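Trainee: First the structure, which I've put down as structure tokens, then a few questions once you've had a look.
Just so it is clear, none of the values below were taken in a lab; they were calculated from the coordinates. Worth saying up front: this structure is predicted, and the values here are computed from it rather than measured. Methodologically, a virtual Cβ is constructed for each residue, glycine included, from the backbone with ideal geometry; neighbour enumeration extends over all protein chains shown.
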Amino acid sequence: MGLFEKYLSVWVGLGIIAGVTIGHFAGNSMQVISDLEISGVNIPVAILIWLMIYPMMVQIDFSSIKNIGKRPRGIVWTIVINWLIKPFTMAFFAWLFFSKLYQAWIDPALAGEYIAGAIILGAAPCTAMVFVWSYLTNGDPNYTLVQVSVNDLIILVAFVPIVGLLLGITDVSIPYNTLIASVVFFVVVPLIAGIITQRIIMKTLGSHWFKNVFLPKLKPISIIALLITLVLLFAFQGQNILNNPLIILLAAIPLAIQTYFIFFLAWYGGKKLKLKHPICAPASLIGASNFFELAVAVAIALFGLQSPAALVTVVGVLVEVPLMLSLVAFVNRRKY
């Protein structure tokens, strides 16, 4: 393991502290960076996520993708976890904590909005960051691409009905511009760049140099981009974290429980289905993480920028990276 991989938990802790500190002292200056958006996608964050995803995209072997249809269990299990289980367990945990366990701290009138934010977050399975988690756990890049692509297609038709059902409303407005922009920025562009890079290097320097020299050099870039993203996200919300430490903590607890619950259900269920590690790992991590760009955009559109619902989705952003890194470490210790 390299320096970054070996002490990743240390770098994450330092990144969180650095981000909150920067956000506190920079104050409203961070808003300038936060406002650099295209169709609801923050440009600096998009670039950093692109740098995280690109190393996996370079490894895609399209000639082997056609064989994935012969191994459908991983795809089916991904669909079951993300669309038949995850949204409903998120709704349950949100209801349990915000409506029942937190009655002493949260006004019942506001509890509904906190629950709504959690539901929106739970109904949006991860797209971009899955490639990072899969890459860090030696997941099958071809299979991961198909798993993510299937999820993206299902989001188009299932996200609105599920959110509408769980929120008890039917006029949910999904920002399709954000959804499309996210897929283009985080999947299409790095995929095209990866294909071009792979073909050029294969032709000029050969497959041995590509696999044994070029690919190992990319891994630190992916992890460095991940850490910078963490610093930036916490810097954006540094003032909110310091001003509302209790509500941030209260919101983080059910989100963390949901993350671990879904992961372990998917992980051990995948093992029972005899999924191989490179398939089971990303299948479990997709369910545990969220499409936070879409969730934040929908929460703001439905309830407003300063609403409790929007705050919960932002807390989801803040807790996701540390939680997912802990699950990456768990997976890497249990390779089979």
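Trainee: Name the residues whose placed amide hydrogens come within less than 5 Å of the amide hydrogen of Glu37, ignoring near sequence neighbours (fewer than 5 apart) on the same chain.
Mentor: Under 5 Å from the amide H of Glu37: Ile43.
Trainee: Let me ask you something else. Listing Glu37, Glu320 from the residue with the fewest other Cβ atoms within 10 Å to the one with the most, what is the order?
Mentor: Glu37, Glu320
Trainee: Another question, if that's okay. Size of the dipole of the chain about the Cα centre, Lys and Arg at +1 and Asp and Glu at -1 on the beta carbon, nothing else charged, in debye to 20?
Mentor: Its charge dipole is roughly 1720 debye.
Trainee: Now for a separate question. Which FRET efficiency value, to the nearest 0.05, do you get for Val76 and Ile33 by plugging their Cβ-Cβ distance into 1/(1 + (r/R0)^6) with R0 = 35 Å?
Mentor: With a Förster radius of 35 Å, E is 0.30.
Trainee: Could you work out [θ]222 nm for the chain from helices alone, using -39500 (n - 2.57) per DSSP H run of at least four and dividing by all its residues? Round to the nearest 500 deg cm²/dmol.
Mentor: That calculation yields -23500 deg cm²/dmol at 222 nm.
Trainee: Let me ask something else. Express the relative contact order of region 3-333 as a whole percentage, based on alpha carbon pairs under 8 Å and six or more residues apart in sequence.
Mentor: It comes to 35 percent, rounded to a whole number.
Trainee: Let me ask something else. Do the alpha carbons of any pairs in Lys70/Lys274; Lys86/Lys272; Lys219/Lys272; Lys271/Lys335; Lys217/Lys271 sit beyond 23 Å of each other, and which pairs?
Mentor: Pairs exceeding the cut-off: Lys219/Lys272; Lys217/Lys271.
Trainee: A further question on this structure: Could you sort the peptides 247-256, 139-148, 205-214 by per-residue average Cβ neighbour count (10 Å cutoff), highest mean leading?
Mentor: Descending packing order for the listed peptides: 139-148, 247-256, 205-214.
Trainee: Oh, and also: Just rank Trp83, Trp105, fewest to most, by other beta-carbon atoms within 10 angstrom.
Mentor: Exposure proxy ranking, most exposed first: Trp105, Trp83.
Trainee: How do Arg71, Arg199 line up, fewest other C-beta atoms within 10 Å first?
Mentor: Fewest-to-most ranking of Arg71, Arg199: Arg199, Arg71.
Trainee: Given (i) 68, 45, 33; (ii) 85, 43, 39; (iii) 63, 45, 37, which label gives Cα extents along the principal axes in Å as computed from the coordinates?
Mentor: Matching entry in (i) 68, 45, 33; (ii) 85, 43, 39; (iii) 63, 45, 37: (iii).
Trainee: Also, quick follow-up: Compare the Cα positions of Val76, Ala309, Asn290 along the charge dipole of region 3-333 (+1 at Cβ of Lys, Arg; -1 at Cβ of Asp, Glu; about the Cα centre) and return the one farthest towards the positive end.
Mentor: Val76
Trainee: Tell me, in nm to one decimal, what length is gained between Ala104 and Arg199 on full extension, where the rule is 0.36 nm per residue of separation less the Cα-Cα distance?
Mentor: Separation in residues times 0.36 nm, less the Cα-Cα distance, equals 28.2 nm.
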